[in-house]
Amino acid sequence: MTGRILTNIVAAAGFAGLGLIGGVQAQEFGSPELIAAAKAEGKLVFYTANFAEVEQQVIKAFNKRFPEIKVEMVRAPGGQLITRVKTEAAAGKLIADVVDHSDRALMQPMADMFQPYAPPNAADYNPDAQIAPQLWPRATLVWSIAYNTELVKNPPKTWMDLTKPEYNKLTGQVIAPSGGTTWTRVMFERQVLGEDYWAKQAATRPVLYPSGAPMSDSLVRGEIAMGPLLYNAIYPKQKDGAPIQIFFPPEGAPVNPYATGIPKTAAHPNAAKLFLNWCLSKEGQTFMIKELGNLTSLKVPPAYPEGFDPKVVKVWFPKFDEYVKLHTAWVAEWNKTYGYAQ
């Protein structure tokens with residue numbers, strides 16, 4: 001407890017950005033031996049299903065703290081990333097030092113591929129966000145609704161508003177099979193908004209997208225006017241000056257923790273541990289919240305994203321057993337309702 005109090009005192013005093021070494025840094029990011037070993041390795045390979053431009057910012061922030069370690073990122077959509085990991089592992093050629101994925105149901109059966117790992121602040125994390133001892137909720141993403149203020153003069157205020165006939169052909173939707181975060185949204189729509197929600201929303205003939213990145217770009221360009229998006233996919237564009245308004249609808253905000261681990265075959269295990277330790281630290285989580293628009297699975301959030309009032313926003317987490325068992329049938333039904341053929 002003494003070390004944690006010391007860490008908090010130093011952070012509060014404003015010294016966290018000075019690159020302190022020794023006890024304080026060891027408490028937050030790992031032992032001096034781990035840090036030295038990570039710097040000796042000098043690099044790590046990071047597989048992620050998250051948005052590339054988002055993770056590039058995370059890597060840049062990590063390198064401000066640890067400039068000696070190069071992070072080579074490989075980004076692929078959810079299903080493709082799992083296929084790549086399994087294929088490379090089966091051939092004995094998995095080069096990833098860290099695998100970061102949005103779909104916990106796909107990662108859980110692979111848990112034995114990953115080595116035992118826990119960050120220094122493991123006890124500070126909500127155990128409900130973790131599906132295996134080896135896998136950690138490095139990123140926790142939340143859904144919102146965004147619209148282009150130059151195109152929409154009567155903006156939506158709720159999820160149900162996206163079913164209004166007046167928004168015909170104006171909305172976008174990320175397809176249900178795209179990954180774990182979208183599956184979380186799809187579950188929320190059916191379980192909270194009603195079994196007929198998909199049909200009502202599909203009747204407005206939304207434009208379908210393979211992921212949130214191209215949908216966000218389309219929204220900024222005015223090719224669509226509105227739609228549900230992960231907050232971290234659209235918030236950076238709003239921050240850069242795009243004519244975008246974002247809100248968390250009153251019916252609820254679906255939340256999806258990632259599952260992230262270090263394969264047993266990692267060639268740079270110390271650099272991988274240091275990278276994850278930083279990402280899961282208070283410093284790393286605060287950066288992801290304030291700069292990227294993430295939430296956190298820490299029991300006590302160090303901050304909230306802009307526009308997110310925890311007293312007002314109703315966060316919604318899927319029940320993990322349902323997240324696993326309902327997936328195949330419900331995604332197939334969603335595809336049929338929206339006329340999407342894989």
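The values are calculated or read from the model by the stated rules, or taken from the named source; none is laboratory data. Since this is a predicted model, take the numbers as computed values, not measurements. Positions of Cβ are backbone-derived with ideal geometry, glycine not excepted, and every protein chain shown enters the neighbour counts. To get the accessible areas, we keep the full protein, side chains included, count just its heavy atoms, and leave off ligands, DNA and RNA. Shrake-Rupley method; radii C 1.70, N 1.55, O 1.52, S 1.80 Å.
Structure data summary
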item: Within the chain, percent of DSSP bridges classed antiparallel, to nearest 5; result: 55 percent
item: Kirkwood Rh, Cα atoms: Rg over Rh of the chain; result: 0.98
item: Point-to-point label distance, Glu150-Lys314, nm (Cα→Cβ direction, 7 Å offset); result: 3.6 nm
item: With every protein chain in place, the stretch 100-173: carbon and sulfur % of accessible area (1.4 Å); result: 55 percent
item: Choice from Ser218, Ser102, Ser144 with maximal GNM fluctuation in the chain (Cα, 10 Å cutoff); result: Ser218
item: Where labels lie 7 Å past Cα in the beta-carbon direction, separation of Glu166 and Lys200 in nm; result: 1.6 nm
item: Loop sites in the stretch 311-342: trypsin sites (Lys or Arg not before Pro), DSSP, at most 13 other Cβ within 10 Å; result: Lys311, Lys314, Lys319
item: In the stretch 37-136, trypsin sites (Lys or Arg not before Pro) in a DSSP loop with at most 12 other beta-carbon atoms within 10 Å; result: Lys93
item: Residue among Gln130, Gln238, Gln201 with the largest mean-square fluctuation in a Gaussian network model of the chain, springs linking Cα atoms under 10 Å; result: Gln238
item: Computed over the stretch 168-260, Kirkwood Rh from alpha-carbon pairs, angstrom; result: 13.8 Å
item: FRET efficiency, 1/(1 + (r/R0)^6) with R0 41 Å, evaluated for Val192 and Glu68 via beta carbons; result: 0.30
item: The stretch 213-342: Rg to Rh, with Rh as the Kirkwood radius over Cα pairs; result: 1.01
item: Accessible area (Å², 1.4 Å probe, nearest 10) - Val192; result: 60 Å²
item: Surface accessible to a 1.4 Å probe, per residue, for the residues of the chain, Å²; result: 42 Å²
item: Simple label model, 7 Å out from Cα along Cβ direction - Asp217 to Lys93, nm; result: 2.9 nm
item: Within a Gaussian network of the chain (alpha carbon springs, distance under 10 Å), most fluctuating of Pro156, Pro310, Pro119; result: Pro310
item: C-alpha long axis of helix 327-338 to longest principal axis of the chain, angle in °; result: 40 degrees
item: Rounded to 10°, Cα long-axis angle of helix 32-41 versus longest principal axis of the chain; result: 70 degrees
item: On Cα atoms only, tilt of 269-280 relative to the major axis of the chain in degrees; result: 60 degrees
item: Charge dipole magnitude, Cβ of K and R +1, D and E -1 - the stretch 59-186, Cα centre, debye nearest 20; result: 360 debye
